[in-house]
Amino acid sequence: MRQLSWNDDMAATVAALRAFAPAAAEVQTTAAAIVADVRARGDDAVRAQTARLDRVELPEDYAVPAAELRARLESLSPELRGALETAAANIRAYHESEAVAPWRETLAQGQVVGQEIVPLAAAGLYVPGGLADYPSSVLMTAIPAQVAGVERIVVCSPPRPGGGAAAGVAAACALLGVELLFPIGGAQAVAAMALGTSRVPRCDVIVGPGNAYVTEAKRLLVGEVGIDSLAGPSEVLIIADASGEPEWLAADLLAQAEHGSGAMACLADIGGTLAGAVAAAVERLSAELGIATDNAVIVTCPDRAAALALSNAFAPEHLELHCEGAHELLRGVRNAGAVFVGPHTATAFADYAAGTNHVLPTGGSARFGQGLSVDAFRKRVAVVELDGPAAAALAPQVATIADEEGLRAHALSARLRAQ
């Protein structure tokens with residue numbers, strides 16, 4: 001674990017924290033070649049790339065059979081199934097609160113304006129995996145799509161070493177009634193969902209985190225398909241004062257560090273009273289859990305204002321507030337993917353079952369981005385309706401502006417309605 005001294009140059013401090021993440025791999029050429037291959041050869045390319053990169057031979061029809069999805073769900077332990085059902089209910093309740101209704105309003109000249117809220121037809125969900133099994137990522141991506149009203153949901157997740165999908169991912173799909181699961185990963189999965197193949201339906205949006213190749217493929221295909229974000233390594237910043245519990249803080253830092261390469265865990269220690277105790281707890285717990293701490297860091301902050309300024313400049317994916325007056329501090333937070341208020345509110349709760357979404361902006365993109373929501377799966381369609389009097393009232397203004405811009409047909413189109 002490392003420690004950084006306070007630096008009044010906020011940009012320098014943020015740069016030092018960002019330097020904990022490894023430099024981006026040179027993946028653009030590789031990802032571009034895979035995308036081009038899938039564009040040209042469709043499923044043949046998907047099978048070839050999966051055999052080359054994952055050492056898994058896909059069958060002709062490589063969708064996971066519906067019977068296997070059901071069997072995976074039925075094989076879950078009662079404890080795990082109950083936990084997933086609780087998480088799903090909470091996540092659904094949270095996202096149902098995001099629903100926006102269509103609306104209409106009559107403006108001064110009599111025209112009626114408004115919006116229709118239209119769900120996208122098909123959503124592609126990328127669920128990371130390979131050696132891991134992330135049913136929680138199925139819940140976090142599929143449920144807001146279902147709440148939005150998406151008709152077709154497609155899930156891609158890397159195959160297990162012996163072939164097929166991860167058991168928990170398959171079970172979570174069955175739990176939610178998602179029937180299209182493909183055991184493919186990496187750039188080839190993103191390309192298949194974005195472009196469509198004979199097996200994988202073309203999607204309107206692709207969401208979900210992945211490795212550098214997944215992210216680069218999403219970047220390459222923006223414009224042909226919508227995306228949620230370009231996710232990077234996970235991160236947490238914890239603001240704590242002398243009231244903080246060192247053991248809890250250490251556990252929360254390690255929970256972030258165990259995400260692996262590039263993950264960053266930072267404690268903003270107000271007044272410098274916690275550093276020694278937290279560092280000792282991190283060292284002990286990391287040895288017990290087998291988690292590396294190279295990307296865990298403590299920054300000593302002179303006061304609450306400095307800690308808050310550091311957080312807003314860093315714009316963390318996860319922000320925990322372990323300090324007296326946490327609700328007052330929350331009012332000053334401008335940039336964070338999600339905020340966890342109070343010492344009992346560990347990030348881990350929201351990673352799984354609290355109800356909020358765990359697909360969040362990383363790498364400082366919380367300055368302008370936000371977590372995955374129902375809005376990623378729907379679009380707002382503007383609606384305008386004018387009757388004769390409204391058209392006559394508005395036409396002179398429209399024609400005047402059109403004349404100024406030299407668009408004579410626009411002006412004529414409006415004036416004709418005023419006659």
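Values in this text are rule-based calculations from the coordinates and carry no lab data. The structure displayed is predicted, hence computed values, not measured ones. Positions of Cβ are backbone-derived with ideal geometry, glycine not excepted, and every protein chain shown enters the neighbour counts.
Would you calculate the separation in nanometres between label points at Leu107 and Glu79, each defined as 7 Å from the Cα along the Cα-to-beta-carbon direction?
According to this spin-label approximation, the distance is 6.0 nm.
Can you tell me the equivalent ellipsoid semi-axes for the range 105-159? Use √(5λ) from the Cα gyration tensor, largest first, whole Å.
39, 10, 8
Neighbouring Cβ atoms within 10 Å as the yardstick, rank Asp8, Asp43 fewest first.
Asp8, Asp43
Ordered by packing density, taken as the mean number of other Cβ atoms within 10 Å over each peptide's residues, highest first, how do 326-336, 131-141 rank?
131-141, 326-336
Local charge sum around Leu310 (other residues, Cβ-Cβ under 12 Å, Lys/Arg +1, Asp/Glu -1)?
Taking every other residue near Leu310 into account, the sum is -3.
R0 = 56 Å: FRET efficiency of Leu131 with His327, Cβ-based, nearest 0.05?
Computed FRET efficiency for Leu131 and His327: 0.85.
Farthest toward the dipole's positive end in the chain, which of Pro316, Val112, Thr293, given Cβ charges of +1 (Lys, Arg) and -1 (Asp, Glu) about the Cα centre?
Sorting the options by dipole projection puts first Val112.
What percent antiparallel are the DSSP beta bridges of the range 247-357, to the nearest 5?
The antiparallel proportion sits near 0 percent.
Can you give me the Kirkwood hydrodynamic radius for the range 337-419, using every pair of distinct Cα atoms, in Å to one decimal?
For the range 337-419, inverting the mean 1/r across all distinct Cα pairs yields 17.5 Å.
Determine the distance separating the Cα centre of the range 1-63 from the Cα centre of the range 113-168; give it in Å without decimals.
What the calculation gives is 19 Å, centre to centre.
Of Met10, Met264, Met1, how do they rank once you tally other Cβ atoms within 10 Å and put the fewest first?
Lowest count first: Met10, Met1, Met264.
Hey, what's the Cα Rg ratio for the range 277-419 versus the globular rule of thumb, 2.2 N^0.38 Å?
Against the empirical 2.2 N^0.38 Å value, I get 1.84 for the range 277-419.
Determine one quarter of the surface area of the Cα convex hull of the chain, which equals its mean projected area, and express it in nm² to one decimal.
Over all viewing directions, the chain projects a mean Cα-hull area of 25.5 nm².
Which Cα, out of Met193, Ala390, Ala45, lies furthest along the positive dipole direction of the chain (beta carbon charges, K/R +1, D/E -1)?
My answer, from the dipole projection, is Ala390.
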